[in-house]
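Trainee: Have a look at the structure that comes next, please.
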Amino acid sequence: MPSPETPCAALDERIHCFAHRGDEWQAAAHPLHQDKPAKAGVGMGITFARELLTHLPDDGGSIGLIPCAFGGSELERWEEGPKGDLFDECVRRVKAALSQETTCKLGGILWHQGESDASVSAAATYTHRLPAALDALRSAVGGGPDLPLVVGELLYAIDQTNSDYAASADVNAAIVSMRQTLGKCGCASASGLGHNGDRLHFDSQAQVEFGRRYASEMIELMVGPASGAEAPVAQPPFSFPSKEESAGTQCEATIIAVQD
């Protein structure tokens, strides 16, 4: 039997996706992203939406996902300005999606990016550029500083002996620090999550769990800490390894959530 998160799973009529092709709302199904069709697979978005619907008040509403991620993208492409092609496309898609469903409201942003800025030279400016980029994105999509935002850690098993990822610990620290730097911001831990064999990309099982952790953070931002049997999944501590700790270890978006 396929798991609830496989492409074979039955569609949930409460979860919708603003498709890359055609810019139209449709039932959400894996893969949500079409930036790299040959590699697209199970992501965190549908699990995130299911978890959110489970823990938010049951008022008959639904969740809309606007996939905007592009794998392997540098932060500069998400910054407002002449090099920010992905920033511009994200803003365009959000506005197009909301214009088609006027009863929807923007619920929050899910952000996962950083591997492509993990070289020593790129990471040197990442800490101060990231909050500015996220603030600009929140403002441009019409949410402002109070729009809930959840960022996520990098894969703990990333190969920090590779010069492209040598400063991963610094980039990850910057990501986690957004909880204090920005208002209305949470961070999902990647502790214990596996990869697909390349020490760079999360595997399908990890994506499902990551979606739950993102949802837990979003729920707390939207309605406050949950309690009781229906509380969201508890997050493990933030414990990204140092370059020394990762030596010898054998062990990516942006999704906008719209709630009506």
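The values are calculated or read from the model by the stated rules, or taken from the named source; none is laboratory data. The structure presented is a predicted model; accordingly, all values stated were derived computationally and were not measured. Counting neighbours? That spans all protein chains shown, and the Cβs are built from the backbone with ideal geometry, glycine included. Accessible surface is based on the protein model in full, side chains and every heavy atom, while ligands, DNA and RNA are left aside. Shrake-Rupley method; radii C 1.70, N 1.55, O 1.52, S 1.80 Å.
Trainee: Name the one entry in GLY194, GLY186 that is open to solvent by less than 20 Å² (accessible area, probe 1.4 Å) and touching a helix residue (DSSP H, G or I) at 6+ places or on another chain (Cβ under 7 Å). Show your work before the answer.
Mentor: Details: GLY194 fails: open to solvent by less than 20 Å² (accessible area, probe 1.4 Å).
Of the residues listed, the single one that is open to solvent by less than 20 Å² (accessible area, probe 1.4 Å) and touching a helix residue (DSSP H, G or I) at 6+ places or on another chain (Cβ under 7 Å) is GLY186.
Trainee: A further question follows. Take the stretch 139-161 and flag every residue that is over 16 Å from the mean Cα position of the chain (by Cα), surrounded by 21 or more Cβ atoms within 10 Å (Cβ to Cβ) and either part of a strand (DSSP E or B) or polar (S, T, N, Q) (or both).
Mentor: GLN160
Trainee: Got a sec? Which of ALA136, ALA215 is buried (at least 17 other Cβ atoms within 10 Å of the Cβ), touching a Phe, Trp or Tyr at 6+ places or on another chain (Cβ under 6 Å) and closer than 30 Å to LEU98 by Cβ? First the steps, then the outcome.
Mentor: Details: ALA136 fails: touching a Phe, Trp or Tyr at 6+ places or on another chain (Cβ under 6 Å).
Result of the check over ALA136, ALA215: ALA215.
Trainee: Here is a check on your reading of the model: is PRO57 at pLDDT 80 or above, loosely packed, with under 13 Cβ neighbours inside 10 Å and over 18 Å from the mean Cα position of the chain (by Cα)? Quick ask: steps written out before the conclusion?
Mentor: Working: at pLDDT 80 or above: no; loosely packed, with under 13 Cβ neighbours inside 10 Å: yes; over 18 Å from the mean Cα position of the chain (by Cα): yes.
Criteria not met by PRO57.
Trainee: Just wondering, is there one or more residues in the stretch 101-110 that are among the aliphatic types (A, V, I, L, M) and more than 25 Å from GLN180 (Cα to Cα)? Before you say what the answer is, go through the steps one by one.
Mentor: Of the stretch 101-110, the ones among the aliphatic types (A, V, I, L, M) are 106, 109-110.
Going one step further and asking which of them are more than 25 Å from GLN180 (Cα to Cα), we end up with none.
No, every residue in the stretch 101-110 fails to be among the aliphatic types (A, V, I, L, M) and more than 25 Å from GLN180 (Cα to Cα).
Trainee: What about ASP164, is it open to solvent by 40 Å² or more (accessible area, probe 1.4 Å) and more than 18 Å from GLY114 (Cα to Cα)? Outline the logic, then answer.
Mentor: Numbers: open to solvent by 40 Å² or more (accessible area, probe 1.4 Å): yes; more than 18 Å from GLY114 (Cα to Cα): no.
Spelling it out, it is not the case that ASP164 is open to solvent by 40 Å² or more (accessible area, probe 1.4 Å) and more than 18 Å from GLY114 (Cα to Cα).
Trainee: Check whether at least one residue in the stretch 83-105 is of a type in the set (Ser, Thr, Tyr), farther than 21 Å from TYR214 by Cβ, at pLDDT below 90 and out of contact with any Phe, Trp or Tyr (no Cβ under 9 Å at 6 or more places or on another chain), and report yes or no.
Mentor: Scanning the stretch 83-105 turns up at least one residue that is of a type in the set (Ser, Thr, Tyr), farther than 21 Å from TYR214 by Cβ, at pLDDT below 90 and out of contact with any Phe, Trp or Tyr (no Cβ under 9 Å at 6 or more places or on another chain).
Trainee: So, in the stretch 74-88, exactly how many residues are under 17 Å from the mean Cα position of the chain (by Cα) and part of a loop (DSSP other than H, G, I, E, B)? Full working, then the answer.
Mentor: Residues of the stretch 74-88 that are under 17 Å from the mean Cα position of the chain (by Cα), as a first pass: 74-75, 77-79, 86-87.
Now restrict to residues that are part of a loop (DSSP other than H, G, I, E, B): 74, 79.
Within the stretch 74-88, residues that are under 17 Å from the mean Cα position of the chain (by Cα) and part of a loop (DSSP other than H, G, I, E, B) number 2.
Trainee: ARG50 fails exactly one of the following numbered conditions: (1) touching a Leu at 6+ places or on another chain (Cβ under 9 Å); (2) open to solvent by 40 Å² or more (accessible area, probe 1.4 Å). What is the number of that condition?
Mentor: Result: ARG50 fails condition (1) only.
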